[in-house]
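Working notes, structure below.
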Amino acid sequence: ASFAACGAEAAVAPLLRGKAVQRFSDFGTNPDLADVVRGIAAFKAFAPDLVLAVGGGSVIDLAKAVNILAFQAGEPAAHVAGAAKLVPAGLPLVAVPTTSGAGSEATHFAVVYLGKAKYSLAHPAMVPAAALVDPVFTAGLPARIAACTGADAFCQAMEAYWSVQAAETSKVWACQALQLLRDHLETAVRAPTDEARAATSRAAHLAGKAINVAKTTASHALSYPFTAHFGVPHGHAVALTLARVFVYNAGVQADDLADRRGLEYVRRTMAELASIFEAGSPWLAFEAITGLFQRIGLELDPVRLGVTPADIDLILREASVERMRNNPRRVTSAGARAILQSLF
């Protein structure tokens, strides 16, 4: 339904006229292993020459996963879980995002769930061969989805900027994305204009390019159980902790430093991020970030989302250790617990 509603079906249909096409849409909002296995079966039965992924981040992630796993020896589950090594393979994949958030059209990884656990399938061969980023396909995006996907792009850009794997190029892309979202996200959600849609589409793509280099950090690491167990959409789930992780990282000390570039580098990085919002302190940055999320309609009280302090242990158990390692300030179990407790 969304494929037609966003205008993508009408735009794509003439280009595919006269060609054999097999559509696959038998998967959930957060694709899991069973979705991937069904996709692989459909892929092999049809034997395409090209993969076209049109949709949000989950659609593009699933297409990327199916495209590479269809050519691997062994069980898909082993590759998803990291027990088997991926070999470079796959057909040319063209990605057409219809939301402004995930940036999956620019990355070499894809999210796949095994039960309630989130895994990131990753290989350089998974980067789409081409991406068509056209804001016209976001024109009919409901405000709720625009807010969640926009928040995802915002969090990706912020985390890519402070990540221990950040490079100068990825920081430039992340900074540009943050500036665009600072200026246009609220309008894109509440009273969309062509300018705002174009800006948020560009920001999402830039944020995707940034995390393709730097990857995400603690806020993403903590977000996945909120989605898997409580149904909080991904971008919303990451937004719950982003401002608090900002304050946490700004408090970095020599004994918990995780970035090899040093204490002053991390402190300067956090000050640079704060300056994007004309915030002279971490807490003023906290207020700017939370204010933006609230203005686009995100509920930041976890209790209202069905999460209680009793669920903290579950969230800590299932947080992504891999993503946590990218954080510039080392996140101990006690530190992660303190971040989560501060939400209540």
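The values are calculated or read from the model by the stated rules, or taken from the named source; none is laboratory data. Not measured: the values here are computed from a predicted model. Virtual Cβ from ideal backbone geometry, glycine too; neighbours counted across all protein chains shown. For the accessible areas, the whole protein counts, side chains as well, though only heavy atoms, and no ligand, DNA or RNA atoms are used. Shrake-Rupley method; radii C 1.70, N 1.55, O 1.52, S 1.80 Å.
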Name the residues in the range 133-184 that are under 19 Å from Thr227 (Cβ atoms), crowded, with 23+ Cβ neighbours inside 10 Å and not hydroxyl-bearing (Ser, Thr, Tyr), would you? Ala146, Ala147, Cys148, Gly150, Ala151, Asp152, Ala153, Phe154, Cys155, Gln156, Met158, Glu159
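From Leu121, Leu86, Leu50, Leu93, which residue is without any contact (Cβ under 8 Å) to a residue 60 or more places away in the chain and surrounded by fewer than 17 Cβ atoms within 10 Å (Cβ to Cβ)? Explain how you work it out, then say what you get.
On the way: Leu121 fails: surrounded by fewer than 17 Cβ atoms within 10 Å (Cβ to Cβ); Leu86 fails: surrounded by fewer than 17 Cβ atoms within 10 Å (Cβ to Cβ); Leu93 fails: surrounded by fewer than 17 Cβ atoms within 10 Å (Cβ to Cβ).
Just a single option satisfies the conditions, and that option is Leu50.
Residues are listed down the side, and each one gets a yes or a no for (1) over 30 Å from Arg317 (Cα atoms); (2) touching a Leu at 6+ places or on another chain (Cβ under 8 Å):
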site: Val133; (1), (2): yes, no
site: Met158; (1), (2): no, yes
site: Ala167; (1), (2): yes, no
site: Ala174; (1), (2): no, yes
site: Leu178; (1), (2): yes, yes
site: Arg190; (1), (2): yes, no
site: Leu206; (1), (2): yes, yes
site: His229; (1), (2): no, yes
On the given criteria, is Ala65 in contact (Cβ under 8 Å) with a residue 24 or more places away in the chain and open to solvent by less than 40 Å² (accessible area, probe 1.4 Å)? yes
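Examine the range 219-228 for a residue that is open to solvent by 50 Å² or more (accessible area, probe 1.4 Å) and over 19 Å from Ser104 (Cα atoms), and state whether such a residue exists. Walk me through how you get there before you give the answer.
Within the range 219-228, the first condition is being open to solvent by 50 Å² or more (accessible area, probe 1.4 Å), and the residues that meet it are none.
Taking every residue of the range 219-228 in turn, none turns out to be open to solvent by 50 Å² or more (accessible area, probe 1.4 Å) and over 19 Å from Ser104 (Cα atoms).
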Among the residues of the range 252-264, what is the count of those that are more than 13 Å from Met324 (Cα to Cα) and open to solvent by less than 30 Å² (accessible area, probe 1.4 Å)? 3
Single unsatisfied condition, Arg268 versus (1) within 18 Å of Tyr161 (Cβ to Cβ); (2) in contact with a helix residue (DSSP H, G or I) (Cβ under 8 Å, 6 or more places away or on another chain): (2)
Single residue of the range 304-343 satisfying the filter (assigned to a helix (DSSP H, G or I) and closer than 30 Å to Ala191 by Cβ) that is least open to solvent (accessible area, probe 1.4 Å): Leu305
